[in-house]
Amino acid sequence: MSLNLAIPGRKKLDISGVLCDMNGTLTCDGILSAEVAKALKKLAEIVKIYVMTADTFGTAADTFALLPVELVTMEAGVPAAAAKLNFLKKLGPPKHIAIGNGYNDHLMLKEAAVGICIIGREGAHNLSLTAADLVVNSPLDALDLILRPKRLMAGMRN
């Protein structure tokens with residue numbers, strides 16, 4: 001499973017996975033919308049999806065139990081930004097897209113092949129905004145960029 005992207009004026013990308021922050025990115029107040037769940041199912045047919053969380057609301061296991069995603073809990077004792085970056089580095093940044101919104105997402109957004117920041121109802125940290133390649137308004141918009149790669153290519157072309 002992979003997504004091949006030929007972005008005009010840039011190198012070709014072979015994306016095998018998407019790392020998503022949970023709270024404030026995929027969910028709002030720990031709640032996942034039905035539309036985002038549906039988009040995650042569609043995206044999982046193309047690439048592997050990792051949902052990264054400290055599980056602030058204690059809802060991660062129940063929220064994602066029926067979805068084809070791998071839930072990744074942050075390493076204990078490691079700052080969340082470093083833990084997310086470490087996980088991305090283990091997988092291989094050139095083959096992964098990262099989606100996030102908070103301070104703890106800025107390092108993975110900068111290092112990933114493509115970083116997408118969401119300014120949603122929970123806001124977005126300025127470091128994540130500047131680290132991202134693209135900025136969108138909702139998790140559905142972020143997932144649609146990947147499901148409809150011409151949108152992603154339009155925003156990333158040189």
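At a glance:
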{"quantity": "Residue match in region 70-87 (condition: under 17 Å from Leu13 (Cα atoms), crowded, with 18+ Cβ neighbours inside 10 Å and modelled with pLDDT of 95 or more)", "calculated": "no"}
{"quantity": "Hits in region 55-103 - residues which are assigned to a helix (DSSP H, G or I), of a type in the set (Ser, Thr, Tyr) and under 15 Å from the mean Cα position of the chain (by Cα)", "calculated": "Tyr103"}
{"quantity": "Residues that are on the phi > 0 side of the Ramachandran plot and surrounded by 14 or more Cβ atoms within 10 Å (Cβ to Cβ), drawn from region 30-60", "calculated": "Gly30, Asp55"}
{"quantity": "Filter result (over 16 Å from Met52 (Cβ atoms) and at pLDDT below 95) within region 115-132", "calculated": "Gly120, Arg121, Gly123"}
{"quantity": "Filter result for Thr63 (touching a residue at least 12 places away in the same chain (Cβ under 8 Å), surrounded by 14 or more Cβ atoms within 10 Å (Cβ to Cβ) and hydroxyl-bearing (Ser, Thr, Tyr))", "calculated": "yes"}
{"quantity": "Region 73-92 - residue that is in contact with a helix residue (DSSP H, G or I) (Cβ under 6 Å, 6 or more places away or on another chain) and free of Cβ contacts under 8 Å to residues at least 40 places away in the same chain and, of those, farthest from Leu143 (Cα to Cα)", "calculated": "Glu75"}
{"quantity": "Counted residues, region 1-27 - those being in a strand (DSSP E or B) and among the charged types (D, E, K, R)", "calculated": "3"}
{"quantity": "Number of positions in region 103-158 that are of a type in the set (Lys, Arg) and in contact (Cβ under 8 Å) with a residue 24 or more places away in the chain", "calculated": "2"}
{"quantity": "Any pair with Cβ under 9 angstrom, 6 or more apart, that starts in region 39-55 at a residue that is small (Gly, Ala, Ser) and ends at one that is surrounded by fewer than 21 Cβ atoms within 10 Å (Cβ to Cβ) and assigned to a helix (DSSP H, G or I)", "calculated": "Ala39/Leu140; Ala39/Asp144; Ala39/Leu147; Ala54/Ala80"}
{"quantity": "Positions within region 40-54 being over 13 Å from the mean Cα position of the chain (by Cα) and hydrophobic (A, V, I, L, M, F, W, C), in sequence order", "calculated": "Ile46, Ala54"}
{"quantity": "Positions within region 1-29 being surrounded by fewer than 18 Cβ atoms within 10 Å (Cβ to Cβ) and touching a Phe, Trp or Tyr at 6+ places or on another chain (Cβ under 8 Å), in sequence order", "calculated": "Asp29"}
{"quantity": "Residue, surrounded by the fewest Cβ atoms within 10 Å (Cβ to Cβ), within region 107-149, restricted to residues that are in a loop (DSSP other than H, G, I, E, B) and touching a Pro at 6+ places or on another chain (Cβ under 7 Å)", "calculated": "Ala113"}
{"quantity": "Residue in region 28-48 that is part of a strand (DSSP E or B), modelled with pLDDT of 95 or more, farther than 18 Å from Leu127 by Cα and of a type in the set (D, E, K, R) present", "calculated": "yes"}
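The values are calculated or read from the model by the stated rules, or taken from the named source; none is laboratory data. In this text, all values refer to a predicted model and were calculated from it rather than measured experimentally. Every residue, glycine as well, gets a Cβ built from its backbone with ideal geometry; the counts of neighbours run over all protein chains shown.
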